[in-house]
Amino acid sequence: MTLIEWRREFETGNPSVDFEHHEMIDLLNGLIERMRAGGSETDVSSALGEVYVKISAHFALEENLMQRAGYAAFAEHKDDHECLLDRILDIMDAYDDGECRGQLEDFANAVQHWFVGH
């Protein structure tokens, strides 16, 4: 089961942002697939790290574009980004501590809800 399906409503009109949105969806879907399939600890840990790095870089791009455009809700949007990054770090820590299995579906639901509602 795919966590996030691409929708036209995710398009921003900025080719760089839209390309990265596609990449993030693929990356998140791949991560959840690995976790659900019981991937090796090293594989899942590496995938979590990759998700964190890619999403951090994407948020930096978005935030730069928003600031240059004078986006009125910049502070709120940046806070949303920081909350998701904190959640990913919490999952990474829980996974490294062996506690992640119970949080997998919570994480998947949070990411799906955030991405679709964002």
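The values are calculated or read from the model by the stated rules, or taken from the named source; none is laboratory data. Values in this document were obtained by computation on a predicted structure and should not be read as measured data. Here Cβ is always computed from backbone atoms with ideal geometry, including for glycine, and neighbour counts include all displayed protein chains. Remember, those area values only see protein heavy atoms, side chains included, never the ligands or the DNA or RNA. Shrake-Rupley method; radii C 1.70, N 1.55, O 1.52, S 1.80 Å.
Both the radius of gyration and Dmax for the chain are 14.5, 44 Å, in that order, over alpha-carbon atoms.
Here the stretch 23-96 has 50 percent of its accessible surface on carbon and sulfur atoms, given a 1.4 Å probe and all protein chains in place. The mean accessible area for residues of the chain, using a 1.4 Å probe and ignoring ligands and nucleic acids, is 59 Å² per residue. Simple point charges give the picture: +1 on the Cβ of Lys and Arg, -1 on the Cβ of Asp and Glu, and for the chain a dipole about the Cα centre of about 300 debye. Subtracting the Cα-Cα distance of LEU85 and TYR71 from 0.36 nm times their residue separation leaves 2.9 nm of extension gain.
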